[in-house]
Amino acid sequence: MAAVMIPLRPRPPFSLHDANTVTSAAALAQHYADLNAYYTWTRYYNLAYPGFDDISHAELAPLLTGQLLNNIGDPYDGGHGHDHTKDHEQEVVNYLADLFHAPASRWGYVTGGTSEGTDHALHDARLAFPDETPVVFASCAAHYSVGKAVNRHRLTLVQICTDETGRMDIGDLRAQLGRFRHRPAVVVATVGTTLTEAYDDVADIANVCDSLAISRRRIHVDAALSALPLALLADHDRPAVDFRAGATSIVTSGHKFLSTLTPCAALIYAQPPNAARTPAVPYTGTRDTTISGSRSGHTPLLLFSSLASRGTAGHRLRAEKSREIAADIVEKLRCAGWPAERGPHGFTVVFDQPPQTVLDKWVLGPDGRRVRIVCKPNTDPAAIDELIHDLKAAANGARVIPVPRPRHRPPVGLIAAEVTA
Ligand SMILES: Cc1ncc(COP(=O)(O)O)c(C=O)c1O
């Protein structure tokens, strides 16, 4: 039985219905300080979710907190308003498009997240083949957002087997494509699967389509985590996962590797999507080419800030550092008797799911069989040592007793309960 301290997330200090009577600036300031302390404390335990947070954007504070910025509608025309950041948005899209070897005809925008990018790509495939419903092929390790978009656009999904590393099985893809070769095909390749960070081989996917003479096709790449880190590898190491390999669209998250600290993603097409042919909406003065109408003007600035502040070389170093940390953790876990794995070029360390006592304390993204640590340049070595201590203790059937860590004590007043598991 392990004692695990669960801090209580600070709830609103009063109901908004009572705000007129009880609001005080001091109470609100204290509440926001408590929230900040809570999130700082819990971050230590969050090892599984790949939201990088080593780049912050303090210099953007006046723009983020004092300006309404709305990139409504099409990313390439400003429309009637002046309060947008579409120049920065285009800069970000172009920079990433170059890294991913997109042709000059590229088109893209900053979405609210990777799911939105996949939704846009599947909708565009639906529009591209109006007379016949396309069949979507995605591996069993694809993110759940693919199935969601398939349902929304009333497409058909065929799941493709993966190999033991989580990579799409190209033999199975060939067999399934063959069954549906009379229908337009959309293959969704995952580059950085959610559990093991495996990447599907886009060049192989394109070759299989060619060999089956499937010309009515799309290859959408869901590269939420891995597009940029893989693109920054030396050419001889770089896997074939981008436009040069045959992708028709790629989406990658801003709040994962690029540390935008708020959800967003960049969606890039090799050719403008069908929606780009629609006329402008008179009231906004811009075409309605994106999924939502109003769009954040802050997230393109955050992406711009991340890319501008580190540059290509700085991001390459961040990726290398994350990989080094991951390799080190694999070794440490193995030495501690927990066999751990990491894919080629991966930041993600995967190992067998530990007992519930460990899961109560650490956020490890369990899938019922395995768990993971997604390494970042600032992954705290103290947290890893403490986790390994807990794993050893759990393996010995001992209580998992938190190691004293004054730096990471929960903020005063936030300990809700000692939960025994
Ligand atoms: C491979 C993959 N695709 C899509 C997503 C969904 O991204 P978002 O939450 O930004 O919509 C994730 C999120 O973890 C992911 O790992």
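Things to note:
- Total residues in segment 263-282 satisfying the condition of being out of contact with any Asp or Glu (no Cβ under 8 Å at 6 or more places or on another chain) and either open to solvent by less than 60 Å² (accessible area, probe 1.4 Å) or touching a residue at least 12 places away in the same chain (Cβ under 8 Å) (or both): the figure is 7.
- Residue check, Glu386 open to solvent by 40 Å² or more (accessible area, probe 1.4 Å) and at pLDDT 95 or above: no
- Among the residues of segment 106-120, those identified as more than 12 Å from the ligand (Cβ to nearest atom) and either hydroxyl-bearing (Ser, Thr, Tyr) or more than 18 Å from Leu301 (Cα to Cα) (or both) are Arg106, Trp107, Tyr109.
- Those residues of segment 250-262 which are near the ligand (Cβ under 9 Å from one of its atoms) and open to solvent by 30 Å² or more (accessible area, probe 1.4 Å), in sequence order: His255, Lys256
- Qualifying position, being under 12 Å from the mean Cα position of the chain (by Cα) and either of a type in the set (Ser, Thr, Tyr) or more than 26 Å from Leu364 (Cα to Cα) (or both), among Thr196, Thr248, Thr252: Thr252
- Single unsatisfied condition, Arg334 versus (1) assigned to a loop (DSSP other than H, G, I, E, B); (2) open to solvent by 20 Å² or more (accessible area, probe 1.4 Å): (1)
- Test: residue in segment 87-101 that is open to solvent by 10 Å² or more (accessible area, probe 1.4 Å) and under 20 Å from Arg218 (Cβ atoms): yes
- Filter pass, Gly368 being under 22 Å from the mean Cα position of the chain (by Cα), assigned to a loop (DSSP other than H, G, I, E, B), surrounded by fewer than 18 Cβ atoms within 10 Å (Cβ to Cβ) and small (Gly, Ala, Ser): yes
- Single residue of segment 208-245 satisfying the filter (of a type in the set (S, T, N, Q) and more than 16 Å from the chain's Cα centre (by Cα)) that is most open to solvent (accessible area, probe 1.4 Å): Ser215
- Out of Arg174, Arg167, Arg183, Arg126, one residue alone is in contact (Cβ under 8 Å) with a residue 24 or more places away in the chain and in contact with a His (Cβ under 7 Å, 6 or more places away or on another chain). It is Arg126.
- Just one of the listed residues (Ala223, Ala265, Ala308, Ala247) is modelled with pLDDT of 95 or more, within 30 Å of Gln67 (Cβ to Cβ) and within 16 Å of the ligand (Cβ to nearest atom), namely Ala265.
- Among (1) closer than 21 Å to Leu225 by Cα; (2) part of a loop (DSSP other than H, G, I, E, B); (3) open to solvent by less than 30 Å² (accessible area, probe 1.4 Å) - the single one Asp74 does not satisfy: (1)
For every residue, the table says whether it meets (1) part of a helix (DSSP H, G or I); (2) among the small types (Gly, Ala, Ser).
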site	(1), (2)
Gly51	no, yes
Leu63	yes, no
Leu68	no, no
Gly78	no, yes
Gln90	yes, no
Asn94	yes, no
Pro103	no, no
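- Among the residues here, Glu132 does not qualify as within 16 Å of the ligand (Cβ to nearest atom) and assigned by TED's automatic domain parsing to the domain that holds Ser296.
- As for segment 159-168, it holds no residue that is touching a Leu at 6+ places or on another chain (Cβ under 9 Å), of a type in the set (Ser, Thr, Tyr), in the same structural domain as Thr289 (by TED's automatic domain parsing) and closer than 28 Å to Phe351 by Cβ.
- Test for Arg310: is it under 23 Å from the mean Cα position of the chain (by Cα) and buried (at least 21 other Cβ atoms within 10 Å of the Cβ): no
Listed here are the residues, each with its yes/no results for (1) part of a loop (DSSP other than H, G, I, E, B); (2) out of contact with any helix residue (DSSP H, G or I) (no Cβ under 6 Å at 6 or more places or on another chain); (3) not assigned by TED's automatic domain parsing to the domain that holds Asp210.
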{"position": "Ala224", "(1), (2), (3)": "yes, no, no"}
{"position": "His236", "(1), (2), (3)": "yes, yes, no"}
{"position": "His255", "(1), (2), (3)": "yes, yes, no"}
{"position": "Leu258", "(1), (2), (3)": "yes, no, no"}
{"position": "Leu261", "(1), (2), (3)": "yes, yes, no"}
{"position": "Ala275", "(1), (2), (3)": "no, yes, no"}
{"position": "Thr284", "(1), (2), (3)": "yes, yes, no"}
{"position": "Thr289", "(1), (2), (3)": "yes, no, no"}
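- Asn46 vs. criteria open to solvent by less than 70 Å² (accessible area, probe 1.4 Å), closer than 30 Å to Thr348 by Cα and among the polar types (S, T, N, Q): yes
- Some residue of segment 82-98 being touching a His at 6+ places or on another chain (Cβ under 7 Å), away from the ligand (no atom under 16 Å from the Cβ), more than 23 Å from Ser253 (Cβ to Cβ) and touching a residue at least 24 places away in the same chain (Cβ under 8 Å): no
The values are calculated or read from the model by the stated rules, or taken from the named source; none is laboratory data. Values in this document were obtained by computation on a predicted structure and should not be read as measured data. FYI the Cβ positions are ideal-geometry reconstructions off the backbone, even for glycines, and counts take in every protein chain you see. Side chains are part of the model used for accessible areas, which takes the heavy atoms of the whole protein and leaves out ligands, DNA and RNA. Shrake-Rupley method; radii C 1.70, N 1.55, O 1.52, S 1.80 Å.
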